[in-house]
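Here's the structure we're looking at; comments come further down.
The values are calculated or read from the model by the stated rules, or taken from the named source; none is laboratory data. If you're wondering where the values come from, they're calculated on a predicted model, not measured in any experiment. As a convention, Cβ positions derive from the backbone with ideal geometry for all residues, glycine included, and neighbour counts pool all protein chains shown. With ligands, DNA and RNA removed, areas are computed over all heavy atoms of the protein, side chains included. Shrake-Rupley method; radii C 1.70, N 1.55, O 1.52, S 1.80 Å.
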Amino acid sequence: MASFIDALPARPGLAVANYFMYYDASASARPLPFGGLNTFDSHAQAYSDSVLALYKTPLELLDGNYSAGLVLPDVWLEVDGYVTVMGQGGPLQVRMRDTANGLGDLTVLPFMLGWTNGDFRYDVRLGVYAPSGEYEKGRLANIGKNFWTFEPAVSLSWLSS
């Protein structure tokens with residue numbers, strides 16, 4: 001996914017973007033973990049609608065402009081697959097289906113530093129994913145990951161004048 005919002009704004013101010021995502025996948029070659037369960041022959045379908053708010057400040061650091069942002073994802077998820085449960089005669093493969101929806105893990109962008117050189121824009125940034133989405137061990141559909149994630153990134157854009 002890429003758009004012009006991937007580059008920091010050209011001048012100080014607020015930028016707001018909306019990202020819609022649809023994902024559909026199946027896996028049958030090996031078991032996958034979902035909510036602490038090993039799932040076989042699984043299928044997942046996800047929709048998310050995320051709002052990004054990005055503020056480019058007039059502050060400069062190392063000749064670059066400082067920005068910060070926040071991403072709020074609204075997520076709908078459906079997962080089904082076979083899981084192993086203990087029955088009276090030993091382990092059994094049972095087909096499970098689960099759905100979840102709501103606010104997913106928030107992404108905070110506390111540090112973005114961007115430079116412009118002619119038609120080139122480049123920046124460094126840090127994304128922090130906060131475990132704010134609902135998570136429950138033993139559920140197939142969880143809209144949160146239940147752990148913090150840190151994502152450093154470098155971006156390069158060229159927009160011809």
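Got a sec? Which of M112, M86 is aliphatic (A, V, I, L, M), in contact with a Ser or Thr (Cβ under 9 Å, 6 or more places away or on another chain) and at pLDDT below 95? Break it down stepwise before answering.
Working: M86 fails: in contact with a Ser or Thr (Cβ under 9 Å, 6 or more places away or on another chain).
Testing whether each residue is aliphatic (A, V, I, L, M), in contact with a Ser or Thr (Cβ under 9 Å, 6 or more places away or on another chain) and at pLDDT below 95 leaves just M112.
Go through V94, V75 for me and flag whichever is touching a residue at least 24 places away in the same chain (Cβ under 8 Å) and either touching a strand residue (DSSP E or B) at 6+ places or on another chain (Cβ under 6 Å) or surrounded by 18 or more Cβ atoms within 10 Å (Cβ to Cβ) (or both). The match here is V75.
Residues that are surrounded by 14 or more Cβ atoms within 10 Å (Cβ to Cβ), within 16 Å of the chain's Cα centre (by Cα) and not in a strand (DSSP E or B) do occur in region 101-111. Looking across region 21-43, the residues that are open to solvent by 40 Å² or more (accessible area, probe 1.4 Å), polar (S, T, N, Q) and under 16 Å from D98 (Cα atoms) come down to S26, N38.
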